[in-house]
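Student: Quick one: the structure is below, and I'll ask about it shortly.
The values are calculated or read from the model by the stated rules, or taken from the named source; none is laboratory data. Since the model is a prediction, treat every value here as computed from it, not as a measurement. Positions of Cβ are generated from backbone atoms using ideal geometry, with glycine treated the same way; all protein chains shown enter the neighbour counts.
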There are 2 protein chains.
Amino acid sequence: MSFYSRLKRYAIGPSLPTSAASQERLSIPTALAVLSSDALSSVAYATEEILHVLVLAGSGVLGLSLPIALGIIGLLVVVTLSYRQTIRAYPSGGGAYTVARENLGLYPGLLAAAALTIDYILTVTVSIAAGIAALTSAVPSLYPFTVELCLLAIVFIALANLRGLRESGRLFVVPTYVFIVSIFVLILVGLVQGNSPTTIAPNMPVKESLSVFLILRAFAAGCTAMTGVEAISNGVLAFHPPEWKNARSTLLIMSGLLGSMFLGITYLANVRQIVPVDGQTVVSQLGRQIFGNGFFYYFLQIATLLILVLAANTSYADFPRLASLLARDRFLPRQLMLQGDRLVFSNGILLLSLLAAVLIVVFRGNVNAIIPLYAVGVFTSFTLSQAGMVRHWFRTKERGWRTSAVINGLGAIVTTIVFTIIVSTKFVEGAWLVTILIPLVVWIFLIIRRHYHRMSERLQITELNHDRYPLRPQIDTISHPAVLLVGGVHRGTIEALDYTRSIADEIVAVHIDVNNTDRSSIQQQWESVEPDIPLIILDSPYRSIVQPLSEFVHNFEIAHPHTFCTIVIPVFVTRHWWENLLHNQTIWFLKSALRENRSRIITTVEYYL
Amino acid sequence: MSFYSRLKRYAIGPSLPTSAASQERLSIPTALAVLSSDALSSVAYATEEILHVLVLAGSGVLGLSLPIALGIIGLLVVVTLSYRQTIRAYPSGGGAYTVARENLGLYPGLLAAAALTIDYILTVTVSIAAGIAALTSAVPSLYPFTVELCLLAIVFIALANLRGLRESGRLFVVPTYVFIVSIFVLILVGLVQGNSPTTIAPNMPVKESLSVFLILRAFAAGCTAMTGVEAISNGVLAFHPPEWKNARSTLLIMSGLLGSMFLGITYLANVRQIVPVDGQTVVSQLGRQIFGNGFFYYFLQIATLLILVLAANTSYADFPRLASLLARDRFLPRQLMLQGDRLVFSNGILLLSLLAAVLIVVFRGNVNAIIPLYAVGVFTSFTLSQAGMVRHWFRTKERGWRTSAVINGLGAIVTTIVFTIIVSTKFVEGAWLVTILIPLVVWIFLIIRRHYHRMSERLQITELNHDRYPLRPQIDTISHPAVLLVGGVHRGTIEALDYTRSIADEIVAVHIDVNNTDRSSIQQQWESVEPDIPLIILDSPYRSIVQPLSEFVHNFEIAHPHTFCTIVIPVFVTRHWWENLLHNQTIWFLKSALRENRSRIITTVEYYL
């Protein structure tokens, strides 16, 4: 086994046969951990995002956060009910792409797919960056290594996912439940303690007057709490059978948990007069007030860190699945369809990791720079998906279709309104970038499909195909021309010629003189071992091996029409990989030059040193 | 012409034929600029390095810098006279490697070569970092981009050198002469103005008592002035004929300029009571005192910046030449021997740039961290070279050999003493690293030579070579087995089979089922177009194409001993490079797996889309 194979096996475990596939399903408690960490973790910052906008109008208006949070919870109820309809109608997985494409047509489907793709990548970036930012504010000495720590976390999650779905599920169960328990303990203890704040909140100056726009901005900021809600409906097939029923139950549990945690934190922040400050999160302020500076406070912080980092995992469960759907429909490279050694879409996992890592490096791990881009994609897909469901009910007219259509219609209208609010209030801060990126990604999808379409046209077997090289009957005599590249007269060359003799009857040996050849000596050596084959020595005034050879081959091929010419290249295979550095990598350039001249048959004869 | 070719032509100019080689020589004024910028630029920091050590014993002892500088100038005289002997004795270029190897034997030669190699890389790193540090202290807003600016400077110098020797000479003439003139104007104006300092020097506290060790440390620090002196003797062949005479004259001019500038600056620093401070160089302090804060001061600073950056160019003239010598003797990869499109050793230039860039990134462009490593290598090669010259004169006994032997003997003794001083006084600060690196590089040289030696042994044509595949007479009938890889039944496969039919009479077509093949459908399609060739469908429970195929081929080859088996792989060639991303890169993994199984003949049949 090679070093690479051993390393791979150690990192991700032994290969699983395809027949093991059906076992890799999730129970409800595990699925909740795997598919909901994104949605649940957003309670760690959603309240703060609302307060952060409201405080511009002074600390006096912070009380508005409670009605705003209630509005978002109302939105959550509508979206949850909508998605329950989707799961029922699409028991094999009803992602926004599938639903929009089937019901609204190709372009809305691709729009939804593009929006989701971008949002999955942003989820990884934001979650990891926020988690590491929490860590570095707890341990300031780690701050200079923010980018490195983010990349390390990405590698860690990628490896966990490459090991396979169920194992990664196991890995993520504990932190998710620890977080949920911590937050509920925080809320309960806070409620029991009563309403008196232990510290007096600072009085913040008024920077903007309170306006409808400001309230809408605060609402839009709070909508980050909604990211990740759609994950369960995309991942129905990951559940134990009966898949759709389990998925619906999980969605309900998740929304209940999310709503109550969000409401609890916002309520406590209100009654305890928490004001958003730099360097300490709202949840951390609540923790200090309620638990004091002891063990429970740090436990809460650590749980928050872990779930934020693991929230990225939701995307790792969903992005590769969406990518494989798109690849199946030829909108993405078909490599994304292949399941790897551990029955997961390895290429999708690697692609997601790469893109997220690039964003981390570009934004230097700074959450604030990325947050405004977030949520636009989510609400694009919410809207398209719900609108698609309305069409679906009108078309199928299943039992109870009217109720479902009303629920999904309401969902579509509400999410359209929210989408408009988000784009218009966050446009200048960064949402504009996403409104450019989504159409760009759709365009890439279409280009890729055009390529595959053209290719399959070119490859079709038709009557006319064989005009260039007519299908031969089985022939018995060799009547075949070949060119052999001679670097020097040695065993590698001689054995390559032995091979060439066994397939060709018209053989030309070619040596390129890059101005350091002793021509008469090489000619003499050649004649002493292979007197019957002519050796042609070509000049190369510009010291390139590639150019004169590809020219010669081109002319040779023109002189032999209606037949295949074989170009034989002797290649050394060294014992160790590093020994390759000691040899010219000319063959690589040679092959691409021969390709440019449309040479067709390139044979390498390996010589093992 | 491909995009890459056009880009290359634009960046480095059109290819030059080998016949243009002799024109690419340097006149004395140009050679002085190209080969001396390293040595001359060191006056920008050498005085400061001395003062920096002396000031530890308080500002009272700074006057000692003048006798120390005089000592270094004495050393310069000895080394210059020594190298004049070397140039006479080795008119085709007498680098330390050549001289030490010819006269002292293989290992001293390699030791000298390793020392020089390391020093060339350090010269690039130190010069670029010092130049950019000067720039960023003048324009502090650029400071955060130190590493990026250093890398940009390396790219700039590398491109200039890739364009060819004479053109890069032209590029560097102006800054070198501007620097020389600026420094002399500074010294002259300073001397004319008289001795009264316009500012009162700060009184520095005594941190260490004055000791012989401290004086030796100051001397060792000042020896950075000597780096680059050997460049001319290495580059004799770059001069116009008569090469050795022109080289000797240039060496004399350079040493004269270097000595007088160094002495002048040290003298002025003494009489004007300059004390080294952070954030401003000694030369900059002198400039402000003498020219005031006006145009001439900034002119001097810019000239200093430019020559520091360009000093790196000395290594670009010499490192590739040394590397090509070592490659000729098989101690370095033979690619370093090849002259590129513009008649320069392109690979050497690229390698040097890469290594220097790595050091810049590792040390984050911080000069102080690298300076202690510097000069160890230079004095190692000085010593070995002069010792070699003594042996040379004793062996050849040419006219006047006694005088030459005495001069070189003196040189050898003096440089050995200085080498000992440098290593012992700078050991803790970083010289230890170089004393590990030099033997390591020698070890790499030896490993590389062993590889080439073994290879040429394996490739030799002897009686016994043809036992495995006996040399065939010209045969006329096809008797040859082949395996064809079938991805699907389409034109690419059919044409590859057409080719296979023309060279083989025993053909097996193989398809790998990675669990997504409709087996009966592909079997049926195949039989309808190629009924006479069997199609074998292999299971791949772990969804790998590579593993079952390479196993099958291995068994097929075992079943066909004493003959060559051809493995035919149909390959799509896409119209645009990016379209390759849309196809599996399986062929790459396949080839390396086949290599692991020691399959010998791999034929790709290209199908142009």
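Student: Against the definition (within 17 Å of residue B:217 (Cβ to Cβ), out of contact with any strand residue (DSSP E or B) (no Cβ under 8 Å at 6 or more places or on another chain) and in a helix (DSSP H, G or I)), how does residue B:379 come out, yes or no?
Tutor: Taking the combined requirement at face value, the residue satisfies it.
Student: For region B:220-247, give me each residue that is part of a loop (DSSP other than H, G, I, E, B) and more than 30 Å from residue B:421 (Cα to Cα).
Tutor: If the condition is that a residue be part of a loop (DSSP other than H, G, I, E, B) and more than 30 Å from residue B:421 (Cα to Cα), then B:240, B:241, B:242 are the ones that fit.
Student: Let me ask something else. Only one of A:148, A:102 is more than 30 Å from residue A:389 (Cα to Cα) and of a type in the set (Asp, Glu); which?
Tutor: A:148
Student: Right, here's the next one. Based on what the data block shows, is residue A:142 over 30 Å from residue A:100 (Cβ atoms), surrounded by fewer than 24 Cβ atoms within 10 Å (Cβ to Cβ) and touching a residue at least 24 places away in the same chain (Cβ under 8 Å)?
Tutor: no
Student: Can you run down the residue pairs with Cβ atoms below 7 Å, 6 or more apart or on separate chains, where the first is in region A:316-331 and polar (S, T, N, Q) and the partner is in a helix (DSSP H, G or I)?
Tutor: A:324/A:336; A:324/A:337; A:324/A:348
Student: Could you tell me which of the residues B:598, B:543, B:575 is in a loop (DSSP other than H, G, I, E, B), within 21 Å of residue A:459 (Cβ to Cβ) and in the same structural domain as residue B:490 (by TED's automatic domain parsing)?
Tutor: Testing whether each residue is in a loop (DSSP other than H, G, I, E, B), within 21 Å of residue A:459 (Cβ to Cβ) and in the same structural domain as residue B:490 (by TED's automatic domain parsing) leaves just B:575.
Student: From the list A:236, A:212, A:275, pick out the single residue that is at pLDDT below 90, surrounded by 15 or more Cβ atoms within 10 Å (Cβ to Cβ), of a type in the set (A, V, I, L, M, F, W, C) and under 27 Å from residue A:59 (Cβ atoms).
Tutor: Answer to the check: A:275.
Student: Can you tell me which residue in region A:546-566 is farthest from the other protein chains (Cβ to nearest Cβ), limited to those that are crowded, with 18+ Cβ neighbours inside 10 Å, in contact (Cβ under 8 Å) with a residue 60 or more places away in the chain and of a type outside the set (Phe, Trp, Tyr)?
Tutor: Step by step, filter region A:546-566, then rank; the result is A:549.
Student: Listed residues A:371, A:407; which is assigned by TED's automatic domain parsing to the domain that holds residue A:84, modelled with pLDDT under 85 and in a helix (DSSP H, G or I)?
Tutor: A:371
Student: Mind listing whichever residues of region B:121-141 are modelled with pLDDT of 80 or more and either closer than 14 Å to residue B:316 by Cα or not small (Gly, Ala, Ser) (or both)?
Tutor: Passing the criteria: B:121, B:122, B:123, B:124, B:125, B:126, B:127, B:128, B:132.
Student: Can you work out which of the residues in region B:518-545 that are within 12 Å of chain A (Cβ to nearest Cβ) and among the hydroxyl-bearing types (Ser, Thr, Tyr) is nearest to residue A:504 (Cα to Cα)?
Tutor: Checking each candidate, the answer is B:528.
Student: Can you work out which of the residues in region B:322-341 that are in contact with a helix residue (DSSP H, G or I) (Cβ under 6 Å, 6 or more places away or on another chain) and outside any helix (DSSP H, G or I) is nearest to residue A:547 (Cα to Cα)?
Tutor: The extreme case among them is B:340.
Student: Residues of region B:498-510 being more than 9 Å from every other protein chain (Cβ to nearest Cβ), under 15 Å from residue A:502 (Cα atoms) and among the small types (Gly, Ala, Ser), which ones?
Tutor: Hits for region B:498-510: nothing passes.
Student: For a quick check of your reading: which helices (runs of 4 or more DSSP H) sit entirely within region A:24-112 and have at least 2 residues that are farther than 30 Å from residue A:301 by Cα?
Tutor: The qualifying helices (runs of 4 or more DSSP H) are A:65-89, A:96-104.
Student: While we're looking at this one, here's another question. Could you pull out the residue among B:107, B:97 that is among the aromatic types (Phe, Trp, Tyr) and at pLDDT 90 or above?
Tutor: Answer to the check: B:107.
Student: Among (1) modelled with pLDDT under 85; (2) small (Gly, Ala, Ser); (3) closer than 30 Å to residue B:445 by Cα, which single condition is residue B:327 missing?
Tutor: Every listed condition holds for residue B:327 apart from (1).
Student: Among (1) in contact (Cβ under 8 Å) with a residue 24 or more places away in the chain; (2) surrounded by 13 or more Cβ atoms within 10 Å (Cβ to Cβ); (3) more than 11 Å from chain B (Cβ to nearest Cβ), there is one condition residue A:513 misses while meeting the rest; what is its number?
Tutor: Evaluating residue A:513 over (1) in contact (Cβ under 8 Å) with a residue 24 or more places away in the chain; (2) surrounded by 13 or more Cβ atoms within 10 Å (Cβ to Cβ); (3) more than 11 Å from chain B (Cβ to nearest Cβ) leaves (3) as the failure.
Student: Need pairs with beta-carbon distance below 9 Å; first residue on the phi > 0 side of the Ramachandran plot and within region B:257-280, second assigned to a loop (DSSP other than H, G, I, E, B); sequence gap 6+ or separate chains.
Tutor: Pairs that qualify, where the first residue is on the phi > 0 side of the Ramachandran plot and the partner is assigned to a loop (DSSP other than H, G, I, E, B), are B:273/B:197; B:273/B:199; B:273/B:200; B:273/B:201.
Student: Could you tell me which of the residues B:127, B:92 is out of contact with any Gly (no Cβ under 9 Å at 6 or more places or on another chain), within 30 Å of residue B:359 (Cα to Cα) and polar (S, T, N, Q)?
Tutor: Checking each option against the conditions leaves just B:127.
Student: Could you check region B:278-308 and list, in sequence order, the residues that are assigned to a loop (DSSP other than H, G, I, E, B) and buried (at least 20 other Cβ atoms within 10 Å of the Cβ)?
Tutor: If the condition is that a residue be assigned to a loop (DSSP other than H, G, I, E, B) and buried (at least 20 other Cβ atoms within 10 Å of the Cβ), then B:281 is the only one that fits.
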